[in-house]
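**Q** Structure in structure tokens, see below.
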Amino acid sequence: MTRTVTLCVTAGCDGSPGSRAAVAWAAREAGMLGLPLVLLHVREPERSSGGDPALGETAGLLRSRHPDLDVRVQQVGGRPAEVLADLARDAALLVLGSRAPGRAGGPLAGSVARAVLARTERPVVLVREGAGAGEPSAPVVLGLDLAHPDARLIGFAFAAAARRDTVLRIVHDGDHLRDGDLSTPYGAVAAVPRPAYGPRTLRRPAVLSEVLRSWREKLPDVLVAEENLCGTPAAHLVDLSRDASLVVIGRRTRPAGFGVRIGPVAHTVLHRSTAPVAVVPHD
């Protein structure tokens, strides 16, 4: 059976403070993208089969705040991670909420988000409780591995900066921003290596310029700022997240059955970023 794909922005909605922050962020992003917003509520099998009355109220509030936004409501039964990952295939973005730092489950990606990240090949944006919609004119921050630059990841960050008419700040450090590093299981405590400065350092500006050339030509109005590292790459990304509208990192797609494993930089960013984090899967 052929699957009909209608691009939209999908936001997980369960009534929690984290999901409310995700919905607020998703509404503004959908407006900038010119796409419908789908509020998705997943009813777990062991819970009541009734609908979520707050979902309709949330949709009504969004329609009053964003009169030009096409807001849709969808309620589906099943396991949240499985349903979210499946329906994300029809979405330009899947937006999920998380608890605030310091609370139980403090990492930005909780168990459902981790499972979704392992299953979906669509970008997933994680928004912290209390973050609201954020300030769209703040910079977009991209963590980039110059040894393995990916067009999908770079294009996502450039497009996000262009929509916001803001600067794109790029943090890179060769080997230490390898989002495909599978040596660290998610949830493990990882030591983030310090950047190594050596002969390759002198080549990095030329490498970065070559990597970004086509995107500068496609989106010439995006101002790009290359960030000089101070300390570890992960710490630098977390520090920049305090004044960012979005942090963009990559995740290598992996065969089913291998679990959720990410590199130490992504691990740290997902635990400590105060800005929303977009995780962009790529080969």
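The values are calculated or read from the model by the stated rules, or taken from the named source; none is laboratory data. Since we're looking at a predicted model, the values are computed, not measured. In this analysis, Cβ positions are derived from the backbone assuming ideal geometry, glycine residues included, and neighbour counts consider all displayed protein chains.
**Q** Within the set of pairs 6+ apart or on separate chains, which have a first residue in the range 92-119 that is under 23 Å from Arg28 (Cβ atoms) and in a helix (DSSP H, G or I), a second that is at pLDDT 65 or above and among the polar types (S, T, N, Q), and C-beta atoms under 9 Å apart?
**A** Within 9 Å, the pairs are Ala113/Ser98.
**Q** Let me ask you something else. Can you name the strands (runs of 3 or more DSSP E) wholly within the range 138-247 that have at least 3 residues being crowded, with 19+ Cβ neighbours inside 10 Å and either at pLDDT below 90 or under 20 Å from the mean Cα position of the chain (by Cα) (or both)?
**A** Per the criteria, 140-144, 168-172.
**Q** Can I ask one more? Restricted to the range 6-37, and to residues that are of a type outside the set (Gly, Ala, Ser) and part of a loop (DSSP other than H, G, I, E, B), which residue is surrounded by the fewest Cβ atoms within 10 Å (Cβ to Cβ)?
**A** Out of the qualifying residues, it is Thr6.
**Q** What is the one condition in (1) within 23 Å of Arg89 (Cβ to Cβ); (2) surrounded by 14 or more Cβ atoms within 10 Å (Cβ to Cβ); (3) modelled with pLDDT under 95 that Thr58 does not satisfy?
**A** (1)
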